[in-house]
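Below: one structure, written as C-alpha cells.
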Amino acid sequence: MLVLENIVTHYGNIQALKGISLKINKGEIVTIIGANGAGKTTTLKTICSLVKPTSGKIFFEGNDITSKHTSDIVEAGIALVPEGRRVFPKMTVMENLSLGAYLNNDRNKIKNDLEKVFDLFPVLKNRLKQVSGTLSGGEQQMLAMGRALMARPKLLLLDEPSMGLAPKIVSNIFDIIQQINSEGTTILLVEQNAQMALSIANKGYVMETGRFVLEDSANTLLNNEEVKKAYLGES
Ligand code: ATP
C-alpha cells in the first residue's frame with residue numbers, strides 16, 4: 001500500500017532522514033519506534049508532503065505521490081494525526097470533526113461517518129458543543145483521531161498518540177487503534193512507547209538518527225535483546 005524508497009529529507013543543512021526505505025501492506029499496523037529526534041515525525045511529514053524530500057520516491061497504492069500537494073495526498077486516502085494532538089482549540093468538537101470531512105459533500109455519508117466516530121469515541125458525542133481546547137489530553141487525542149477518520153483514510157498516520165497521557169488512557173487509545181485497524185484501515189504508528197506500539201503492530205522499524213537500524217516482525221523486535229535494552233527499559 002505504501003512504499004518509501006531511499007528517502008532523504010533535509011531541514012536546511014541538517015539531514016534528518018538519511019535514505020530510509022519502508023513497506024506497508026494493506027491491513028497492517030506498522031510501527032516506527034525510536035528516541036527523541038530520531039526522525040520519526042519527519043518521516044510522517046515527508047509522506048504527507050509537509051516537508052519535501054531531497055531525494056527518494058514515495059508510492060501509495062502503486063502511484064508515485066512524492067512531493068504531490070498535501071491536499072492531493074489526503075484525497076488519495078492518507079490522513080495524519082499530528083504529534084501533540086493538534087486540534088483547533090477555539091473551535092468546538094463538532095467544528096473540528098466537520099473540518100475533517102472537508103472533502104465530502106454528501107450529508108448522509110458525513111452523518112454516517114460521524115456515527116462511526118461516536119461509536120469509537122462515545123465521549124465526543126456528549127461534548128459536541130464544547131470548545132476543544134478545554135477537553136482533557138486524552139479527549140483531545142480522541143478528537144484528533146476522529147477528525148482524521150472523517151476524511152475516510154485508507155492509511156492513517158499516527159504521531160505519538162501516547163504522548164503525555166496516563167497509562168489507562170494510553171491503553172484505551174491503543175485498543176481503539178486496533179479497532180480502527182480491524183475495521184479496515186491500515187496504520188502507520190510512530191511511538192516512543194515501544195512496548196505498547198510493538199504489542200499491537202505486525203511489523204516494526206527501529207529508527208536512530210535518520211536511519212532504520214532494525215526492521216522485523218513486531219514479535220521478534222519485542223524479544224530482541226538490543227531493543228529490550230534500548231527501548232523497553234529492560235537490562
Ligand atoms: P520527536 O519524538 O522529538 O518528535 P522524532 O523522532 O519525531 O522526535 P524529528 O522531529 O523528525 O524526530 O526530528 C529529526 C531531526 O530533525 C532532529 O534532529 C530535529 O532536531 C530536526 N528537526 C525537526 N524539525 C526541524 C525543523 N523544523 N527545523 C530544523 N530541524 C528540525
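No value in this document is a laboratory result; all are computed from the given coordinates. Only a predicted model underlies this, so the values are computations on that prediction, with no experimental measurement involved. Positions of Cβ are backbone-derived with ideal geometry, glycine not excepted, and every protein chain shown enters the neighbour counts.
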Which order results if 26, 168 are arranged by neighbouring Cβ count within 10 Å, fewest first?
-> 168, 26
How far apart, in nm, are the 7 Å Cα→Cβ label points at residue 219 and residue 154?
-> 2.8
Distance in nm between label sites at residue 95 and residue 75, each 7 Å beyond Cα in the beta-carbon direction?
-> 2.7
Net charge dipole size for the chain [Lys, Arg +1 and Asp, Glu -1 on Cβ; Debye, nearest 20] = 620
Kindly provide the pair-distance distribution of region 145-198 built from C-alpha pairs, with 10 Å bins from 0 and whole-percent values in order of increasing distance.
-> 23, 59, 17
Describe numerically, in nm with one decimal, the distance between label points set 7 Å from Cα along Cα→Cβ at residue 195 and at residue 5.
-> 4.0
Between region 97-162 and region 75-94, what is the C-alpha centre distance in whole Å?
-> 8
When the chain is fully extended, how far beyond the present Cα-Cα distance does residue 115 get from residue 36, taking 0.36 nm per residue of separation?
-> 24.8 nm
Dipole magnitude of region 128-169 about its Cα centre (Cβ charges: Lys, Arg +1; Asp, Glu -1), debye to nearest 20 = 220
Rank-order 67-75, 93-101 by packing density, defined as the average count of other C-beta atoms within 10 Å over each peptide's residues, highest first.
-> 93-101, 67-75
Residue among 31, 156, 126 farthest towards the positive dipole end of the chain, charges placed on Cβ = 126
By the gyration tensor of its Cα atoms, with a ≥ b ≥ c the square roots of the eigenvalues, what is the shape of region 83-124: rounded for a/c under 1.5, prolate for a/b over b/c, or oblate?
-> oblate
Ordering of 1-11, 34-44 by burial proxy (mean other Cβ atoms within 10 Å per residue, highest first) | 34-44, 1-11
Magnitude of the charge dipole, region 133-219, Cβ model with Lys/Arg +1 and Asp/Glu -1, debye to 20 | 220
